[in-house]
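Below is one structure, written out as structure tokens; the observations come after it.
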Amino acid sequence: MQSQSTLRNASAREASHLLARTRRDFLRDTAKLAIGTTLLRPKWIHATTRPKRKVIVITFGGGARDQETFMIEGQENIPHLMSELIPQSSFFTQVVNRGILGHYVATASLATGVYETFNNFAAVAPQSPTVFEYFRKDLKRPSSDAWVVAPSNGFNRIGESTHRSYGPGFGARVILPKRLLNAATSGASHDYQHLLRDNYETPYYTPELAGSEFELQQLEEILKLSVNDFKSHAQTLSSPDELSVYVARQLMRHVAPSLLWITMHDIDIAHAGAYSLYIEGIRRTDRLCSDLWKAIQSEPEYAGNTTMFILPDFGRDSDDDAGGNGFQHHRTGDTLSRTTWMLAAGPGIREGVVYDRAVDSTDLVPTLGSLLGFSASVSAGKPIAEIV
Ligand SMILES: [Zn+2]
């Protein structure tokens, strides 16, 4: 890892590059190990025909520093990424986010391929078309084919923009697991408080959304879960992201959407200042990513035709002033909080390759467009040539 002062004295661009090179060096060692121990590597196979092709995007949400992830001392927190997922992936060490570092607006920007500028704490829709709208309109897909599983009520508008050429009628269906749980427990949810916390930054922003009947209908008709089964299973889960992954797996089994977007958020508990909970969040997210990858391999609708992307919405900053404690926030907008990473895995994607050239957060949507066959015409990004 470059020292903080080296990074501070470099230009933003140089600092991003230094960080990426350091990540590459840590990963190159691991990738070598993985290649040495992997006896049977699948041959390069030609891309699955588009009508069957599926994409799952997972945001490694909330932001983690390299100290707790890719650096030597952090790698023990991401064993599944390091020894299982990265060796099967193309890994990009320098994904630069030039937008606003708030979780909803940043995730919406990932989903539109444009840096959205709306207030992060407002219940508004993105202004530029989302990936779900491009996908559904261009490919004439039904609403059941694009879904978002989102961590907080504040994300309820992420599926559909206000763009006049897209917008109403073309968006994704958004499922908010906490709302399902609230509806299932009819508000008497004291046994589930650990699953219901809505965000970790502003305790005063907890938008309440009406419509519990619709939620209960989603549970029974779409997820094929009785209210009682859902409640009793939820009781076995330890965090909101566990609940999201549980719901996502039901969706995969019973609806099998071709485009599924899952946003994780547990890591953001770092704002509370408890280092152990932040580390627990990273370890859990690492495990849940692996669980989803295994679900892809075991669900017949997904096995062999699904590309998975994992990327953070953004990082956390170095924040080494006296008022901060390093890992806690993402308020300075420094290079560390803006230089994230991405992995892509699935048929036709090269395995065990690390790229450290700079790509932009907005490149995801055009890349998905090239994979799935739609045009992300309003996006500011470019397809990532190493993937498509
Ligand atoms: Zn945060």
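Table for the structure above
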{"quantity": "THR340 vs. criteria modelled with pLDDT under 90 and buried (at least 22 other Cβ atoms within 10 Å of the Cβ)", "calculated": "no"}
{"quantity": "Which numbered condition TRP147 fails, given (1) over 28 Å from ALA64 (Cα atoms); (2) out of contact with any Asp or Glu (no Cβ under 9 Å at 6 or more places or on another chain); (3) not hydroxyl-bearing (Ser, Thr, Tyr)", "calculated": "(1)"}
{"quantity": "Criterion violated by LEU364 - all others in (1) within 16 Å of the ligand (Cβ to nearest atom); (2) under 22 Å from VAL105 (Cβ atoms); (3) in contact with a helix residue (DSSP H, G or I) (Cβ under 8 Å, 6 or more places away or on another chain) satisfied", "calculated": "(1)"}
{"quantity": "Filter result (buried (at least 21 other Cβ atoms within 10 Å of the Cβ), among the small types (Gly, Ala, Ser) and assigned to a loop (DSSP other than H, G, I, E, B)) within region 165-186", "calculated": "GLY171, ALA172"}
{"quantity": "Flag if SER128 is of a type in the set (Gly, Ala, Ser), surrounded by fewer than 19 Cβ atoms within 10 Å (Cβ to Cβ) and either out of contact with any Phe, Trp or Tyr (no Cβ under 6 Å at 6 or more places or on another chain) or modelled with pLDDT of 95 or more (or both)", "calculated": "no"}
{"quantity": "Hits in region 246-277 (condition: in a loop (DSSP other than H, G, I, E, B), away from the ligand (no atom under 16 Å from the Cβ) and buried (at least 18 other Cβ atoms within 10 Å of the Cβ))", "calculated": "PRO257, SER258"}
{"quantity": "Pair list, Cβ < 8 Å and 6+ apart or interchain, from region 98-109 residues that are over 18 Å from VAL131 (Cα atoms) to residues that are assigned to a helix (DSSP H, G or I) and more than 12 Å from the ligand (Cβ to nearest atom)", "calculated": "ARG98/ARG338; ARG98/SER361; ILE100/SER109; LEU101/ARG338"}
{"quantity": "Test: ARG331 is of a type in the set (D, E, K, R), within 14 Å of the ligand (Cβ to nearest atom) and surrounded by fewer than 22 Cβ atoms within 10 Å (Cβ to Cβ)", "calculated": "yes"}
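The values are calculated or read from the model by the stated rules, or taken from the named source; none is laboratory data. Since the structure is predicted, the reported quantities are computational estimates derived from the model, not experimental observations. Cβ sites come from the backbone with ideal geometry, for glycine too, and all protein chains shown count toward neighbours.
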